[in-house]
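Structure first, then comments.
Each value in this text was obtained by applying a stated rule to the coordinates, not by laboratory testing. As the structure is a computational prediction, the values presented were derived from the model and not from experiment. Note that we place each Cβ from the backbone using ideal geometry, even for glycine, and neighbour counts take in every protein chain shown.
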Amino acid sequence: MKDDLTAIPGNAEAILQVREECRRMVRNRAAVSAGVSALPVPGLDVMSDLTMLTGMVNDVNAAFGLTAEQVEHLQPAYRRIVFGAAAGLGGMMVGKLVTRQLAVRLLKRSSLKSFARSAARFVPLAGQVASAAIGFAVFRKLGYDHVDACATVAQELLAARAG
């Protein structure tokens, strides 16, 4: 069976570099999410967040060599490491094709923050600023958690490959 670990960063330094690049991407997309959250258009922020979150997760998975297709090409022992480590971290999106439904489930996990963001929108200007700040924080937190989960899985694969 083909052992295709070539897409996964090859050493600890490369994993850290990919992690930092992905965190920068998350911050940029969180800023866009915040900008959309500040607009007083009902539902626009949720649709935008779903689209951006799905794209961001798929991009992070690809950067770490952990897309569904890439993981499928791993030896069974390495696949078990990926899914076992991801499950232990709560990384439900590592190594999987992220769909809109999965993104909705993830956003629902932060439903209290979404409710606060929606409620804040009813206060003119200050509410829009608060909504944008909450949107940025939620998106960044979800993104950072996913980046860290991918980095940990990549480190576990690196250790397994070395040992």
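Ordered by packing density, taken as the mean number of other Cβ atoms within 10 Å over each peptide's residues, highest first, how do 55-64, 146-155 rank?
Most protected by this proxy first, the peptides run 146-155, 55-64.
Between E72 and R161, what length comes free when the chain is fully extended (0.36 nm per residue of separation minus the Cα-Cα distance, one decimal in nm)?
Values: separation 89, 0.36 × 89 = 32.04 nm, distance 1.68 nm.
Gain in length upon complete extension: 30.4 nm.
Show me 22-28, 134-140, 156-162 ranked by packing, highest mean number of other Cβ atoms within 10 Å first. Could you put the intermediate results ahead of the total?
On the way: 22-28: 16.9, 134-140: 21.9, 156-162: 15.1.
Ranking the peptides 22-28, 134-140, 156-162 by packing returns 134-140, 22-28, 156-162.
What is the extension gain from Q17 to D145, computed as 0.36 nm multiplied by their sequence separation minus the C-alpha to C-alpha distance, in nm to one decimal?
Length difference between fully extended and current span is 44.4 nm.
Would you mind calculating the gained length between A31 and L50 on full extension (0.36 nm times residue separation, minus the Cα-Cα distance), in nm to one decimal?
Here the segment from A31 to L50 would lengthen by 5.4 nm.
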